[in-house]
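A.B. asks: Okay, handing you the structure first.
What follows draws every value from the coordinates through simple rules; no lab data is involved. Predicted model only: the values in this text are computed from it and were never measured.
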Amino acid sequence: MNKLNHTVHKLEALLSTGLDLLPLRIEGKRLKRIALNLIALVLAVLLADAIVHQLPNAIAGFIYGTHQADIPQKF
C-alpha cells in the first residue's frame, strides 16, 4: 500500500470515529441529519475504496480461471 493510500485510510478511520460520536452531542435535528449524512458519505468512500482494491483481482481471477479451463492439457 503506498503512502497516499495509507494516509487516506487513516483519515477515513478518524473521520468515521469522530462522526460516529458527533450525533450524540448534537441537539438540533438539522445538524444531526447533516452529521448522519457525513457518516454515510465516509462509509460510502470506505466501501468504494474496498471495491477498487478487490474488484480488479476478482475480475482477473475470473478471466484467467475461465481461460485456463479452455486450454487442453497435454500429458
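A.B. asks: What ³J(HN,Hα) values, in whole Hz, does the Karplus curve 6.51 cos²θ - 1.76 cosθ + 1.60 give for segment 13-25 when θ = phi - 60°, with x put for Gly and Pro?
C.D. replies: Working through the residues one at a time gives 5, 5, 5, 5, 5, x, 6, 5, 7, 4, x, 5, 9 Hz.
A.B. asks: Which value does Rg/Rh take for the chain over its C-alpha atoms, Rh per Kirkwood?
C.D. replies: Values: Rg = 20.6 Å, Rh = 15.6 Å.
A ratio of 1.33.
A.B. asks: Calculate for the chain the 222 nm mean residue ellipticity that helices alone would give, adding -39,500 (n - 2.57) per DSSP H run of length 4 or more and normalising by residue count, nearest 500 deg cm²/dmol.
C.D. replies: That comes out to -31500 deg cm²/dmol.
A.B. asks: In degrees between 0 and 90, to the nearest 10, how far off the longest principal axis of the chain does helix 29-70 point, with axes built from Cα atoms?
C.D. replies: Relative to the chain, helix 29-70 is tipped by roughly 0 degrees.
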